[in-house]
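The values are calculated or read from the model by the stated rules, or taken from the named source; none is laboratory data. Nothing here was measured: the structure is a model prediction, and the numbers come from that model. Don't worry about glycine lacking a Cβ; one is built from the backbone with ideal geometry, like all the others, and counts go over all protein chains shown. The accessibility values were calculated without ligands, DNA or RNA, using every heavy atom of the protein model including side chains. Shrake-Rupley method; radii C 1.70, N 1.55, O 1.52, S 1.80 Å.
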Amino acid sequence: MRTPTPRRITVALAALGLGLTSACTAGGGGGTGGGPKTDEKQTLQVWHGWSADHEVKGFEDAVDGFRKLHPNITVKVTGNQTDDQITNAIRGGNPPDVVASFTTDNLGQFCQSGAWQELTPRLREDGVDLNMFPKAVQDYTQFKGRRCALPLLADAYGLYYNTALMKGNAPPKTMSELTALAKKLTVRAPDGTIKVAGFMPSVQYYEHTPQHIATSFGVKWLTPAGTANFSKDPAFKAYLKWEKDLLDWYGYDNAKKFMRSMGQEFEASNPFQKGKVAMAVDGEWRTKFIQKEAPALDYGTAPPPVSDDRAAQYGGGFTLGTIMGIPRGSKHAEAAWAFVKYLATDTGSLVTMANALGNVPSTLPALSSPGLKLPAQFGTFLNVFKHPATTTSPSSPNGGDYLVQLQRFVQDEWETGKVKDPDQGLRDLDAKVDKALELAGG
């Protein structure tokens, strides 16, 4: 899995805002039963978002285990399917039987609208122990007590560092250590432009979004009532100050020029892979890309640094993952549940997919499986994923809109210096997010 960038999240939200509103009023039921039983001959339609050859093959290899257990069930898999396509199929009354989505942030919409069926009765009936999933995973597969999804692999974030560019320095554990080392390792041209960045703090740098970096400050995204918490939690202000101080040290124009010179995130020209960045926060999937695109790169991985007042939480980080569910209107709901439960809980299938895709397996038994065949640097992400201090961002009725709004605020108003007072800026942001939540039924 690769997490959607804020731009892609915005597009998904725009589509889902129409699709799920219509689905919510279109009628049609879910329920725990209906459709042929698992011992009858039938065909399951399964949609997922993976598109690369190695990803598609990895999913098919995992599905083969289910096919062997249920030879009467033909499983037809369609890849490269977006949330927009899934939503339109549900709204049109002709959905597939099983769907998988990369956009964990949209779970609140899926659950609240009834677009994805409630799984709790099935989990109870079959005695599925949710404690096989780390707590953060349990959190991002439910919304306000409704569990309409199970996990299918996960992403965990860590600090990548170029061993040669580090010049013997140990990876930083705190944000002050990160700042000091970033400055020490940065190489500038005589005119001040950046040749090598020690660490680029801007939210415009790939995975350095607030969702991934602000977590290091221990932010609480929403209040217990589900409203915006940006101005109420001092950790957000601490994040903003750290981000802007380091960005100002680089010089906003210098940083912007450097980022414009960067290659695409998922291409061989990625600046970390080209030795243009000494340290970067990224997901576990980067190990797979380095293996394919920069095999000679000497690099290490470590947990992401944490704010200095949270040194005891070092080792944890941020996680989310692919979610899988049964859409309303599934024609073979019983077989669909058997399929979802199998892929979400079977250690062999999860290990097969993890090895093929370079993602974190989403159950504790799979995390410790000797069958995992991944680069040595991947161990960091397994440890971050199961660490008790690892957290995720909660779902909301309008998906990840609050995350998109924060990203826009930091990128367009805070980094550029348009907003001078962080307290007022965060209060305004809270009001904007809360208004959107109210309109969405939050």
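Condition check ((1) touching a helix residue (DSSP H, G or I) at 6+ places or on another chain (Cβ under 6 Å); (2) touching a residue at least 12 places away in the same chain (Cβ under 8 Å); (3) under 23 Å from residue 408 (Cβ atoms)) across all residues:
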site	(1), (2), (3)
157	yes, yes, yes
168	no, no, no
183	no, yes, no
201	yes, yes, yes
204	yes, yes, yes
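Going through 302, 333 one at a time, which residue ends up being within 30 Å of residue 166 (Cβ to Cβ) and out of contact with any Lys or Arg (no Cβ under 7 Å at 6 or more places or on another chain)? Break it down into steps so the answer makes sense when it comes.
Values: 333 fails: within 30 Å of residue 166 (Cβ to Cβ).
Result: 302 is the single residue among 302, 333 that is within 30 Å of residue 166 (Cβ to Cβ) and out of contact with any Lys or Arg (no Cβ under 7 Å at 6 or more places or on another chain).
Checking the structure you have, find out if any residue of segment 391-406 is more than 30 Å from residue 302 (Cα to Cα), of a type outside the set (Asp, Glu) and in a helix (DSSP H, G or I). No, every residue in segment 391-406 fails to be more than 30 Å from residue 302 (Cα to Cα), of a type outside the set (Asp, Glu) and in a helix (DSSP H, G or I).
Checking each residue in segment 424-436 for being open to solvent by less than 20 Å² (accessible area, probe 1.4 Å) and either assigned by TED's automatic domain parsing to the domain that holds residue 140 or over 15 Å from residue 223 (Cα atoms) (or both) picks out only 425. Might you let me know whether segment 405-423 holds any residue that is within 18 Å of the chain's Cα centre (by Cα) and open to solvent by less than 20 Å² (accessible area, probe 1.4 Å)? Yes, segment 405-423 contains a residue that is within 18 Å of the chain's Cα centre (by Cα) and open to solvent by less than 20 Å² (accessible area, probe 1.4 Å). Could you tell me whether residue 148 is closer than 21 Å to residue 403 by Cα and not charged (D, E, K, R)? Criteria not met by residue 148.
On the stretch given as segment 196-219, residues that are open to solvent by less than 10 Å² (accessible area, probe 1.4 Å) and more than 17 Å from the chain's Cα centre (by Cα) total 6. Would you tally the residues in segment 275-296 being under 27 Å from residue 192 (Cα atoms) and either free of Cβ contacts under 8 Å to residues at least 40 places away in the same chain or in a loop (DSSP other than H, G, I, E, B) (or both)? Number of matching residues: 3. Filtered by the rule that a residue be surrounded by 24 or more Cβ atoms within 10 Å (Cβ to Cβ) and in contact with a Ser or Thr (Cβ under 7 Å, 6 or more places away or on another chain), segment 323-336 gives 323, 335, 336. Is at least one residue of segment 151-174 surrounded by 21 or more Cβ atoms within 10 Å (Cβ to Cβ), acidic (Asp, Glu) and touching a Ser or Thr at 6+ places or on another chain (Cβ under 9 Å)? Yes, the conditions are met somewhere in segment 151-174.
Per the conditions (1) touching a residue at least 40 places away in the same chain (Cβ under 8 Å); (2) open to solvent by less than 40 Å² (accessible area, probe 1.4 Å); (3) hydrophobic (A, V, I, L, M, F, W, C); (4) not in a strand (DSSP E or B), the sole criterion not satisfied by residue 374 is (2). Criterion applied to 351, 384 was being β-branched (Val, Ile, Thr) and open to solvent by less than 10 Å² (accessible area, probe 1.4 Å), and the one residue passing it is 384.
Taken over segment 32-48, the criterion of being open to solvent by less than 60 Å² (accessible area, probe 1.4 Å) and modelled with pLDDT of 95 or more is satisfied by 42, 43, 44, 46, 47, 48.
I'd like to check something: does segment 128-146 contain any residue that is open to solvent by 10 Å² or more (accessible area, probe 1.4 Å), in contact with a Lys or Arg (Cβ under 8 Å, 6 or more places away or on another chain), under 30 Å from residue 275 (Cα atoms) and part of a loop (DSSP other than H, G, I, E, B)? Checked against the condition, which is being open to solvent by 10 Å² or more (accessible area, probe 1.4 Å), in contact with a Lys or Arg (Cβ under 8 Å, 6 or more places away or on another chain), under 30 Å from residue 275 (Cα atoms) and part of a loop (DSSP other than H, G, I, E, B), segment 128-146 yields no hits at all.
Among all positions in segment 290-298, there is no residue which is modelled with pLDDT of 95 or more, open to solvent by 20 Å² or more (accessible area, probe 1.4 Å) and more than 30 Å from residue 164 (Cβ to Cβ). Of all residue pairs spaced 6 or more apart or on separate chains, those with beta-carbon atoms under 8 Å, a first member in segment 122-147 that is under 23 Å from residue 396 (Cα atoms) and a second member that is part of a helix (DSSP H, G or I) and of a type in the set (S, T, N, Q) are 130/138; 140/104; 143/112; 144/112; 146/112; 146/120; 147/120.
What residue, among those in segment 60-89 that are assigned to a helix (DSSP H, G or I) and without any contact (Cβ under 8 Å) to a residue 24 or more places away in the chain, is most open to solvent (accessible area, probe 1.4 Å)? Filtering first and then ranking leaves 68.
Contact map, segment 257-274: first residue part of a loop (DSSP other than H, G, I, E, B), second residue among the acidic types (Asp, Glu) and open to solvent by 20 Å² or more (accessible area, probe 1.4 Å), Cβ cut-off under 8 Å, separation 6 or more or different chains; pairs are 267/293; 268/293; 270/293; 273/293.
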